[in-house]
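What follows is a short report on a single structure.
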Amino acid sequence: MTPFVPVMDKKYPLRAAVYDAFRKRSPLISKAKAYEQIARQFSISVPTVQRYVRRMESGSMFALPEGRQGRHVYAWSDEALSFFTNFLLAAIKEVGGCTVRNAYNCTREEAERQGWQIGSEASAYVHARNISPAMKLLAKGGQRALDNMFYISRDLSKLTPFQLIVGDQHIFDFWCLNPNATGTKDRYIRAECYLWLDMATRLVYGISFDIAYNTYTVTRALRMGIKRFGKFESTYNDNGTSEKSQLASQIVERLQSYGVRFLDEADLYHADNGRYIVEDTEGLVVDVVPTKAEWEKQHRRIFARVKNAKTKPIERFFNTLEQILRDQCLPGLVKGLAISAPEEEQATKRLEWQKQSGYILTYDEFIHQVVRAIDIYENRVHSTLGCTPKEKFEEYKRGGWMPTMIDPRDEAYLFMESTFRQVKGDRIELNGTEYIGPDLTQEMILQNRGTLVAYNRQKVEIRYDPENLDLGVFAIEPGTNHAIALRPVKKIDMLNEQEMIEQLKWKKRNMRTVQEAFNLATQNKNIRVLSEPKKFEELHAAEDLAEQSVQNQLEYTTPEQVIPTPVIKKADAEKEEEREIPLAVSRHREEFGAMPESFNRREETLSQEDFLETLAARIGSENVLRAHGKPVFYTDRERYEYILNQLYSGEHLSREDMDFKFDYESKMTSSEENYFSSYVRDKFNR
C-alpha cells in the first residue's frame, strides 16, 4: 500500500497571512475596500486576494494536486463517442434536458450490446464540455437562438440622419392609473408606446403613447417624426398586426410616392429569381412562394415572432430607457420574472403598499416621466457614438446635411384616415359632429354632383385628419371619386335672434337654388304627363267627331300637326345668380395636377380656403388614379420605363411598383444604368 504523502504548498504561508489579515479587517470598511488594502499590503492583485480567502474558508489546508487528463478520456471508441454526443443533444432537443450521468449510463448499456470501448463517467463530463456550444444552443432554442447568435453586424456610421429608421412597440415595466378605468379590476395598467429610432444619430424619430397599442399608435409616432425631423428614406419593422392594417397600408402607399422605402423581414429571404424562401425552425427550405404576402403568412405560422437583427439597437434602447426610469425611483415597478420566492413576496408587498398609499402615478404623469427620460438619453454620451445623440445630429448638420421637410398640406393628406358614413339629407355625422358640404348651386343640382344632397341615404367614403378635424373633412363622390370639402355644422342658440335669422337665410337660399334648378329643368310647359279631368271627356269627344267629319270632306289630308318648341325671350328669362363653383365640381380630372414631391417647407401663410382646396385636389387625384386599370407590359424593361415616366412626371406609384423599381435597379447592368440615366436626363432634365 502506498503511504500517504502530503503535497507541500509553497504559497501556503502567504495565503494564510492574507486570510489572517482579512479576518482582522476593520468592521467599518466594506469587503471590497478590505480586498484593495490587503492587495496593496502583499503586492498582489485583488482577484488573487479573493481566491486565497475563498480557498482558506473552504477548509483546504494543503494544496490539492492538479488533476491530469488520464487515459480514460481516450478510451472511447468513435462509435461510443458519437452515440454519447447524439443522445445528449437529442435528449436536450426532444425532452428539454438531460444530465451527463444519464447520457453516460445509456451509452454504457449500448456499448455493452455493441461491443464498443468506453471510458469512465468522469471522462464523459470532459467530452460533454467539448460539445460545441452552438449545437447545444440549437438544441435548446432552435433556429431562433442561432438567428440571435449569428446576426449580421452592420456599419451604421455610413448612414446619414433618418436614412434608416427602425420601429417597434414596447410595454413599460411600471404600473400607472388607468384614466378610462371602470372598476377596481382595470384600475392599474402598463402604458404602451410605439417608437421609431434613427440608426445614424440614435435620436428618437417619433414616439406615440397609448393605453393599448394599435394602428393609430404607429401612425401618430410616424407623423411626429415627420413634423420634427422631416422625411425619412427607409424603415424596417416586424410587420405586426397594427403595422399591416388597412390604414397603415394606405399611409405606406402614399409615402412611397415621396421616395420613402418600407422594408420588412421578407427582404432577408428574397431569392435571386424574385421569389421568397420559407424556412422551418430547422433552417430547412419548406416552400418557395411568389409574393411577400404568402411568405409572411407561412412564416408567421411557423414562428410566433422572429427577432430581426436590424431591430437589436432599438431593443437595447428600450433597456436603456427602462433603466433611466428606474434611476428616477418611480413607484409601480413591475416585479421581475427571474426572482426568488422571498424577493417576489417582498415585491408584491411593496407594490400593494404603494397602491394603498397613493404613490402610483397617473397615466399623464408617467408619460411626462418617460419624455423626461428620453431627453436624458438624448443628452448623455452614447457608448457606440462616443458622444450624445444630439451632438451627433449637430455634427451631421455642420457637415452639410439638411432635413427635407414636407409641406403641411401634404402632411395632412398623407395621414388622413378613411371611413364610411351614411348621408342624412345634406350632412353626415363624424365623431359626434355634423358636417355639411358647400352651398348649393344650380350646376350641383342639375348635374347631381359636388354635394351631399346627391347621395341622400347612401353611404359615402369620408377622409379626415384625426389629429385636427378643423383642417378638413372630405366626402368622396362614389361616381367621380372627387373630394367634397365639408365644414362642421354651426349649432345656434335658440334664444339668439341674429343667428336664427342667418340660418333661415341659408336655408331659404338653398331651397331657392333647388327651385331655380327645377324650373330650368322643366321650362318646356307643353310637355304634359297627366290626362285632362273627366268632366271634359264628352266635350272633347264631340270636338273630335266634328273635326273628323270636316277632314272627310276635304280632297287631301293635312300634314301631321307638330307642336313647336316655345321660344323664351332673354328679357323674360330669369337671370342666374353667379356663384362660385366648388373645386370638386369645377375641376376635371386632368386639372387636378400631379402629386407633388416633398420639398423643404416654405414659410408661407395659407388661408383656410386655399388649404382645403389644395388638400381636396390631392385626395381627388389619388382616387382618380386608383380608379384606373393597370397597364400590361411585355417585358420588365417596358414596365421599368413606364414607372420612370410616372415617377418623374409626379404621378402616384403603388407599393408594388416601388418594390419592382428597387428590385429591377438592383439587377441592372452598367449599360442599362447608363441608358436610363441618359433617358431621364434628356426627357425630364434631371
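The values are calculated or read from the model by the stated rules, or taken from the named source; none is laboratory data. Please read all numbers here as calculations on a predicted model, not as lab measurements. All Cβ positions, glycine included, derive from the backbone under ideal geometry; neighbour counts span all protein chains shown.
Brief remarks on what is shown
- Consider the range 308-347 and keep the residues that are among the charged types (D, E, K, R) and modelled with pLDDT under 90. The one that is nearest to Glu365 (Cα to Cα) is Lys335.
- Residue in the range 452-461 that is under 32 Å from the mean Cα position of the chain (by Cα) and over 14 Å from Ile619 (Cβ atoms) present: yes
- Taking (1) charged (D, E, K, R); (2) assigned to a loop (DSSP other than H, G, I, E, B); (3) within 26 Å of the chain's Cα centre (by Cα) in turn, Arg380 satisfies each apart from (3).
- The range 324-361: number of residues that are farther than 25 Å from Ala145 by Cβ and within 31 Å of the chain's Cα centre (by Cα): 13
- Of the residues making up the range 215-234, none is touching a strand residue (DSSP E or B) at 6+ places or on another chain (Cβ under 6 Å), modelled with pLDDT under 65, buried (at least 20 other Cβ atoms within 10 Å of the Cβ) and not β-branched (Val, Ile, Thr).
- Test: Gln354 is touching a Gly at 6+ places or on another chain (Cβ under 8 Å) and either surrounded by 15 or more Cβ atoms within 10 Å (Cβ to Cβ) or in a loop (DSSP other than H, G, I, E, B) (or both): yes
- Evaluation of Asn468 against (1) at pLDDT 85 or above; (2) at negative phi (one fails), failing number: (1)
- Checking each residue of the range 647-664 against the condition of being without any contact (Cβ under 8 Å) to a residue 40 or more places away in the chain and exposed (fewer than 12 other Cβ atoms within 10 Å of the Cβ) gives no match.
- Where a residue in the range 83-94 is under 19 Å from Gly141 (Cβ atoms) and its partner, wherever it lies, is outside any helix (DSSP H, G or I) and not basic (Lys, Arg), with Cβ under 8 Å and at least six apart: Thr85/Ile131; Leu88/Cys98; Leu88/Ile131; Leu89/Ile131; Ala91/Gly97; Ala91/Cys98; Ile92/Cys98
- Filtered residues of the range 383-395 (kept if crowded, with 18+ Cβ neighbours inside 10 Å and in contact (Cβ under 8 Å) with a residue 24 or more places away in the chain): Pro389, Lys392, Phe393
- Filtered by the rule that a residue be part of a loop (DSSP other than H, G, I, E, B) and buried (at least 17 other Cβ atoms within 10 Å of the Cβ), the range 92-149 gives Cys98, Trp116, Ile118, Gly119.
- The residue list Arg449, Arg487, Arg509 contains one member that is of a type in the set (D, E, K, R) and either without any contact (Cβ under 8 Å) to a residue 40 or more places away in the chain or part of a helix (DSSP H, G or I) (or both), which is Arg509.
- Residue among Leu615, Leu644 that is over 27 Å from the mean Cα position of the chain (by Cα), of a type in the set (A, V, I, L, M, F, W, C), modelled with pLDDT of 70 or more and not in a loop (DSSP other than H, G, I, E, B): Leu644
- The single residue among Arg457, Arg421 that is assigned to a strand (DSSP E or B), outside the structural domain of Thr217 (by TED's automatic domain parsing) and modelled with pLDDT of 85 or more turns out to be Arg421.
- Going through (1) crowded, with 21+ Cβ neighbours inside 10 Å; (2) of a type outside the set (Asp, Glu); (3) over 29 Å from the mean Cα position of the chain (by Cα) one by one, Ala483 falls short only on (3).
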